[in-house]
Amino acid sequence: MDKSSSGFYNEAVQVIVRCRPMSQKEIQADCVGIIKAYPNRGVIEVQNPKARNENEKTKLFTFDSVYDWNSTQQGLYDETVRPLVSSVLDGYNGCVFAYGQTGTGKTYTMEGTKEFDEGQGVVPRAFEQIWAHINRTTGLEFLVSVRYLEIYMEEIRDLLKIKHVKTLELREDNGQGVYVTHLHSQTCKSEADMFKAMRIGNHNRTTGATNMNEHSSRSHAIFQIVIEMAEKNSKSVKVGKLNLVDLAGSERQSKTGATGDRLKEATKINKALSSLGNVIYALAENSAHIPYRDSKLTRLLQDSLGGNSKTIMIANIGPASMNYDETIITLRYAYRAKSIKNQPIKNEDIKNTKLLELQQEIERLKKLIEEKNRGIELTGQIEYEVSSEDEDDSEKEEKVKKLELGKVEVSELAKQLKTLENQMVHGGNLVDSVKENELKLEQQRIEIAARKRREIEIQQKIEEEEENCHELKQVFASLQQAVDFKRDKLKRLHGRFQSVKQEIKDSHEEYVRSRKEIEDSNDSAAM
Ligand SMILES: Nc1ncnc2c1ncn2[C@@H]1O[C@H](COP(=O)(O)OP(=O)(O)OP(=O)(O)O)[C@@H](O)[C@H]1O
């Protein structure tokens, strides 16, 4: 982390790459594997199956961490996402988004295959971490809510309330950033409530079969968790927000052979992803204008890319030679995203929160009930003391009625109070010994993750330094030896220069090709 000119701390977007195993289809088609991953160095090596010369043979990319087909869901979560969710629970905004070609494992990484075993992806594991934290935190009150939306054909849909009557629109606000109006916010009181919301939303999400993936996500989906936390009767609240994003995959019309509605969907998906690419590019280049407004997706991710958030981008790729071009495009975007700097600020001492409103309303109702009860007691007592023979029946009846009415009012207020209190969660309902063990385990996991990150960083630095030091360490016995050494170095540098030149040429060709493809699919979709 370094300090920016505005005085806030800069934190780079963390970029990790995950390569899935060969699919059955790819194995049957005798596809060749072209990926080598070096998890200890954070390096991905891609072999070019169409290489025409030595310079084109392999490409190396370095990331914060890389995961191959042997990686586990738990390993990936513990090492990368767990520390981010810890920050969210400390009042930061966080975002995890999966990016990549269709069928490369974005949904597998985000949701996983099953809810309750090793197959669990990032989303259910984040639920588990959040609720484990709440359940062992004493002295705090929490208000937890979730929202779930998808962007389908450039329209925002509420996945928790599909029959929405009001139009959902994007708005911007200084405190809240970019948000969607009228989006349903579901209060959750447990992990089970969150799972329920996720299941409802997933059921409502638009998916369909394509040539590349039988259950392809046809929309970009954002699951947002908002955690408000405060001490009882406190005047300020901390707010953590977590965006979990599963993007639709990019796909080539030429490969998918999409027509009709599938083609229209693909055109919109590719357009939004290309806007995302442009935003990443502009941010990486430090451009004066960042084109967030080009799509709803980029507007919604505005805070996550270049704003107030800690962000992890998971770039998913496949291992097969036939996807070489798409793999390279994904890796290039991911590589650029590494230089995006965010300015995460802890959301503490926040005044206009639902939790604060709720706490104040609860206090008001409690006082009101107390006053009413005192009134009832007093009326009852006076009636008992002054009640006399000469008081007529209608007066007595009137008083009894008043008393009864007061009691009904109090019971109504008590009901209201219970409903409000029920929305909040009081932390720390675990037995102390369990709490302690869990806390230890959590700290250990975070320490291991930090150690692993440090190891990769050190390894990357060592490799850089080795290159520089090699020359300094050399003691030459003769002038000829020195000349030979320099010639070798020149050869190496020339090779590297050629491969950078090739990379620029490839990028340009790729740019021209994808522009043409977008234009072609726009034309076909318009027909
Ligand atoms: N790391 C992995 N290990 C095992 N299987 C995987 C892995 N990643 C993906 N798969 C499998 O590959 C297939 C495609 O994955 P998935 O649906 O997650 O892709 P996607 O990127 O979300 O695709 P789309 O963009 O079309 O929605 C699925 O059958 C999934 O189970």
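Quick note: the coordinates plus some simple rules give every number you see, no bench work behind them. Only a predicted model underlies this, so the values are computations on that prediction, with no experimental measurement involved. We place every Cβ from the backbone using ideal geometry, glycine too, and count neighbours over all the protein chains shown.
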Checklist entry - Once phi is turned into ³J(HN,Hα) by the Karplus curve 6.51 cos²θ - 1.76 cosθ + 1.60 with θ = phi - 60°, what whole-Hz value does each residue of region 436-453 show in order, with x for glycine and proline? => result 4, 4, 4, 4, 4, 4, 4, 4, 4, 4, 5, 5, 4, 4, 5, 5, 5, 4
Checklist outcome for this item: Output ordering of 488-495, 276-283, 449-456, 46-53 (per-residue mean of other Cβ within 10 Å, highest first) is 276-283, 449-456, 46-53, 488-495
Checklist entry - How do the peptides 121-131, 74-84 rank, highest first, by the average count of neighbouring beta carbon atoms within 10 Å per residue? => result 121-131, 74-84
Item to check | Length released on extending from E357 to F485, taking residue separation times 0.36 nm less the Cα-Cα span | outcome: 38.8 nm
Item to check | Contact order relative to length of region 2-342, as percent, for alpha carbon pairs under 8 angstrom and 6 or more apart | outcome: 27
Checklist entry - What is the extension gain from K399 to I162, computed as 0.36 nm multiplied by their sequence separation minus the C-alpha to C-alpha distance, in nm to one decimal? => result 80.2 nm
Checklist entry - Considering only Cα-Cα distances, which of the following residue pairs are longer than 30 Å: K338/K505; K196/K338; K50/K271; K241/K452; K264/K346; K418/K440? => result K196/K338; K264/K346; K418/K440
Next on the checklist: Let's test the formula: R0 of 25 Å, r as the Cβ-Cβ distance of N10 and S287. What FRET efficiency results, to the nearest 0.05?
Outcome noted: 0.90
Next on the checklist: Cut-off under 18 Å on the C-alpha distance; same-chain residues fewer than 8 positions from K486 excluded. Which lysines are left, in chain and number order?
Outcome noted: K473
Next on the checklist: Given an 8 Å cut-off on Cα distances and at least 6 residues of separation, report the relative contact order of region 22-136 as a percent.
Outcome noted: 17
Item to check | Square roots of five times the Cα gyration tensor eigenvalues for region 2-342, Å | outcome: 32, 23, 21
Item to check | Cα Rg, Dmax, region 57-215, angstrom units | outcome: 17.6, 60
Item to check | Under-5 Å amide H pairs with T58, H placed in peptide plane, nonlocal only | outcome: N48
Checklist outcome for this item: Quick calc of log₁₀ I(q)/I(0), region 102-153, Debye, one scatterer on every Cα, no solvent, q values 0.14, 0.23 1/Å, result -0.53, -0.96
